[in-house]
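**Student:** I'd like to ask you about the structure that follows.
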Amino acid sequence: MDHLYCLRCNRELEAGQKSVAVFLFAQTVGVKPRQKSPAQRICFCPQCSVSLAMGPAPEGALNLAAWQMIRDIVGADPALTEAAWESLHGIEETLLPATGTTGALPRPGLYFEF
Ligand SMILES: [Zn+2]
């Protein structure tokens, strides 16, 4: 089985772990026989998904299209935000005790307003 890595932070994603996958393939239109590229699966861990969705719009039409899809999917369900929050909290407890720097991510249960 292939190991999946977050495209943004290169963290390894375990099977069944919460993440966002973007499937991408290209195909020709109006050309016979139809040509189709292999599909690529691009993955983002919860932290990067939420961070991307909350961040500014990226440069480039293709990046923008992917960003809008991630915003839709992250905004539709707080589960990813919760997962990102939990991971961040876990990291803080081990590395950064009581620094009060938890303002970067929204608290679970808050839906984004677009
Ligand atoms: Zn990541």
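The values are calculated or read from the model by the stated rules, or taken from the named source; none is laboratory data. Just so it is clear, the structure is predicted and the values come from calculations on it, not from any experiment. Because the Cβ atoms are built from the backbone with ideal geometry, glycine has one as well, and the counts that use them run over all protein chains shown.
Matching residues to (1) among the polar types (S, T, N, Q); (2) modelled with pLDDT of 90 or more:
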site: 37; (1), (2): yes, yes
site: 43; (1), (2): no, yes
site: 50; (1), (2): no, yes
site: 59; (1), (2): no, yes
site: 67; (1), (2): no, yes
site: 73; (1), (2): no, yes
site: 77; (1), (2): no, no
site: 88; (1), (2): no, no
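**Student:** Further question on the same structure: Quick one: in the range 56-78, which of the residues that are closer than 17 Å to residue 6 by Cβ and of a type in the set (A, V, I, L, M) is surrounded by the fewest Cβ atoms within 10 Å (Cβ to Cβ)? Lay out the reasoning, then the answer.
**Tutor:** Applying the first criterion (closer than 17 Å to residue 6 by Cβ) to the range 56-78 yields 58, 63, 66-67, 69-70, 73-74.
Checking the rest, the ones that are also of a type in the set (A, V, I, L, M) come to 66, 69-70, 73-74.
On the way: 66: 17, 69: 13, 70: 21, 73: 15, 74: 23.
Result: 69.
**Student:** Look at the range 43-55 and say how many of its residues are of a type in the set (A, V, I, L, M, F, W, C) and either part of a strand (DSSP E or B) or surrounded by fewer than 18 Cβ atoms within 10 Å (Cβ to Cβ) (or both). Outline the logic, then answer.
**Tutor:** As a first pass, look at the range 43-55 and keep what is of a type in the set (A, V, I, L, M, F, W, C): 43-45, 48, 50, 52-54.
With the extra rule that they be either part of a strand (DSSP E or B) or surrounded by fewer than 18 Cβ atoms within 10 Å (Cβ to Cβ) (or both), the set shrinks to 43-44, 54.
So the answer is 3.
**Student:** For residues that are in a loop (DSSP other than H, G, I, E, B), near the ligand (Cβ under 10 Å from one of its atoms) and among the aliphatic types (A, V, I, L, M), tally how many sit in the range 1-42. First the steps, then the outcome.
**Tutor:** Within the range 1-42, the first condition is being in a loop (DSSP other than H, G, I, E, B), and the residues that meet it are 1-3, 7-11, 14-19, 25-26, 28-35, 37-39.
Within this subset, residues satisfying the condition of being near the ligand (Cβ under 10 Å from one of its atoms) are 7-11, 19.
Those left that are additionally among the aliphatic types (A, V, I, L, M): 7.
Looking only at that region, the number is 1.
**Student:** Could you check the range 8-39 and list, in sequence order, the residues that are surrounded by fewer than 11 Cβ atoms within 10 Å (Cβ to Cβ) and either in contact (Cβ under 8 Å) with a residue 40 or more places away in the chain or closer than 13 Å to residue 66 by Cα (or both)?
**Tutor:** Scanning the range 8-39 gives 23, 25.
**Student:** Right, something else. Can you tell me which residues in the range 19-47 are out of contact with any Ser or Thr (no Cβ under 9 Å at 6 or more places or on another chain) and not polar (S, T, N, Q)?
**Tutor:** Of everything in the range 19-47, those that are out of contact with any Ser or Thr (no Cβ under 9 Å at 6 or more places or on another chain) and not polar (S, T, N, Q) turn out to be 21, 22, 23, 29, 30, 31, 32, 33, 38, 39, 41, 42.
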